[in-house]
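Visitor: The structure is given below, and queries will be raised subsequently.
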Amino acid sequence: MSIRCIIADDEPIARQIVEQYMSQLPQLELIGACANAFEVLEMLQQQPVDLLFLDINMPNFSGISLIRSLQQRPEIILTTAYPEFALEGFELAVADYLLKPFSLERFIMAVNKVRAKLSTKPDLPPAPTSHDSHFQKEIPTHITLKVDKKWIRCPLSDIYYIEAYGNYIKIHLSDTYLLVSQTLTDFLSRLPQKDFLRVHKSYVIHFKYLTALEGNTVFLEKAKLPVGKTFKESVLKRIQDE
């Protein structure tokens, strides 16, 4: 059984030690190594994993805070130099707690606990088809963004519109904007289609803030933007369908 893993620790040496220990166990598959909790959230949005090796004392957003924020979470092995967090970790039902510096033998014991837990989980039922009316994909409420050298979680409801800006995009909020190195098309693919609408090659709007369409202009609560010729029909249809 292959166990898909993420390492999260702000210390490069600590990440390297866990990665070195993982290399001794062929059943462990490293999906990625993260330096902070926001990188973990970004990675978990992209693909599911089975096991997270998680440091507690990370900047801005601690490992404990990360655990509390996850609605669906993998098995977690805490790795920390602070024994005083052990009780809180186990109250959050983590699989094990490794106190730095820990040996390969202790690491293997922790992994074996996770293997035992995963082997007792029932097989997942077949994925529902589009005809299964009771099935609804969970809609994200936040998006993780890298702004300069900082990772932040931005509520989707705070985004008024997104603007293409050279090799960047401007994410316009109520009274400021965030500058992110990403194309508008790539960013749009990360957004729930029910909430966001492309109105121009350079603009995507949050549909709930749209108040009117007049000619080739859409009016938002705090802005007005042009509507591209190739997008006008889809914008009009969306308004009529609501």
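Visitor: Under a crude label model (7 Å from the Cα following the beta-carbon direction), how far is THR141 from THR230 in nanometres?
Guide: Computed distance between label sites THR141 and THR230 equals 3.7 nm.
Visitor: For the range 46-99, with every protein chain kept in place, what is the accessible area per residue (1.4 Å probe, Å²)?
Guide: Accessible surface, normalised per residue, equals 47 Å².
Visitor: Do the alpha carbons of any pairs in LYS201/LYS232; LYS149/LYS194; LYS146/LYS232; LYS201/LYS222 sit beyond 23 Å of each other, and which pairs?
Guide: LYS149/LYS194; LYS146/LYS232
Visitor: Taking the range 196-242, how much of its Cα-Cα pair set, in percent, is spaced more than 18 angstrom apart?
Guide: Here the tail beyond 18 Å accounts for 11 percent of pairs.
Visitor: Still on this structure, I have one more. Around TYR160, with a cut-off of 9 angstrom between Cβ atoms, what is the net charge of the other residues, counting Lys and Arg +1 and Asp and Glu -1?
Guide: Within the 9 Å Cβ shell, the charges total -1.
Visitor: Against the longest alpha carbon principal axis of the chain, how many degrees, from 0 to 90 and to the nearest 10, is the axis of helix 37-46 turned?
Guide: 70
Visitor: Still on this structure, please answer the following. From the list (i) 164; (ii) 115; (iii) 197, can you say which value of volume of the Cα convex hull per residue in Å³ was derived from the structure given?
Guide: Evaluating volume of the Cα convex hull per residue in Å³ on these atoms matches (i).
Visitor: Accessible area per residue, 1.4 Å probe, Å², for the range 156-242: what's the number?
Guide: That works out to 59 Å² for each residue.
Visitor: Something else about it: Can you tally the net charge around ILE76? Count Lys and Arg as +1, Asp and Glu as -1, for every other residue whose Cβ sits under 12 Å from the Cβ of ILE76.
Guide: 0
Visitor: Run the reach check for LYS117 against lysines, Cα to Cα strictly under 27 Å, same-chain hits fewer than 8 apart removed. What comes back?
Guide: LYS100, LYS137
Visitor: Carbon and sulfur: what percent of the chain's accessible surface (1.4 Å probe)?
Guide: Ligands and nucleic acids excluded, carbon and sulfur give 51 percent.
Visitor: Which net charge results when you count Lys and Arg as +1 and Asp and Glu as -1 among the other residues whose beta-carbon is under 15 Å from that of MET109?
Guide: +1
Visitor: Who wins for biggest fluctuation among ASN36, ASN60, ASN167 in a Gaussian network model of the chain, springs between alpha carbons below 10 Å?
Guide: Of the options given, ASN167 has the highest mean-square fluctuation.
Visitor: Right, next: Have a look at the DSSP beta bridges in the chain and tell me what percent are antiparallel, nearest 5.
Guide: Restricted to the chain, the bridges split so that about 60 percent are antiparallel.
Visitor: Grab the DSSP H runs of the chain that are 4 residues or longer, score each as -39,500 (n - 2.57), total them, divide by all residues and round the 222 nm result to the nearest 500 deg cm²/dmol.
Guide: -8000 deg cm²/dmol
Visitor: Name the residue, out of PRO26, PRO59, PRO226, whose mean-square fluctuation peaks in a Gaussian network model built on the chain with Cα pairs under 10 Å.
Guide: With Cα springs under 10 Å in the chain, the top fluctuation among PRO26, PRO59, PRO226 is at PRO26.
Visitor: With angles folded into 0 to 90 degrees, how steeply does helix 12-22 sit against the dominant principal axis of the chain? Use alpha carbons for both and round to 10.
Guide: Around 70 degrees separate the two axes.
Visitor: How would you order 159-166, 231-238, 74-81 from highest to lowest mean count of nearby Cβ atoms within 10 Å?
Guide: 74-81, 159-166, 231-238
Visitor: To the nearest 10 degrees, how steep is helix 104-120 against the longest Cα principal axis of the chain, on a 0 to 90 scale?
Guide: Roughly 60 degrees between the two axes.
The values are calculated or read from the model by the stated rules, or taken from the named source; none is laboratory data. These numbers come from a predicted model, not from an experiment. With ideal geometry, Cβ positions are generated from the backbone for all residues, glycine too; neighbour counts draw on all protein chains shown. Just so you know, the surface numbers come from the protein's heavy atoms only, side chains and all, with ligands and any DNA or RNA stripped out. Shrake-Rupley method; radii C 1.70, N 1.55, O 1.52, S 1.80 Å.
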